[in-house]
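Novice: Before anything else, here's the structure in question.
No value in this document is a laboratory result; all are computed from the given coordinates. This is a predicted model, so every value here is computed, not measured. Quick reminder, even Gly has a Cβ in these numbers, built from the backbone with ideal geometry, and neighbours come from all protein chains shown.
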Amino acid sequence: MIGATAHFVTPDLDEGPIITQGVADIRHDMTIDDLIDVGRDVERSVLRARAAVYRTPHFAQRPKTVIFD
């Protein structure tokens, strides 16, 4: 399994509230290049979802939590 997480930025690395996460299954026969490609696809998906947050007017950021209406 390969995953990516989008956080709000804080002074500490990966400590901000999570905006969204994505995962993809992998197989034992995948090459390093295959894994890199899958990882990049997951990252792109997460970044697109993160960008959608800013187009949504109904969200509230709390410590360690993001609430969507």
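Novice: Run the quick spin-label model on Thr5 and His28: label points 7 Å from Cα toward the beta carbon, then report their separation in nm to one decimal.
Specialist: Each label point is offset 7 Å from its Cα along the Cβ direction, giving 2.9 nm.
Novice: Could I ask something else about it? Under a 5 Å amide H to amide H cut-off, with H placed in plane at 1.01 Å, what residues pair with Thr20 once short-range neighbours are removed?
Specialist: It is Ala6, by chain and number.
Novice: 7 Å from Cα along Cα→Cβ at both Ile18 and Leu35: what's the point-to-point distance in nm?
Specialist: Going by the 7 Å Cα→Cβ label model, 2.2 nm.
Novice: Continuing with this model, one more query. When ranked by the protection proxy of mean other Cβ atoms within 10 Å per residue, highest first, what sequence do the peptides 30-40, 16-26 form? Before the final figure, lay out each step's value.
Specialist: Details: 30-40: 11.8, 16-26: 14.6.
Ranked by mean Cβ neighbours within 10 Å, highest first: 16-26, 30-40.
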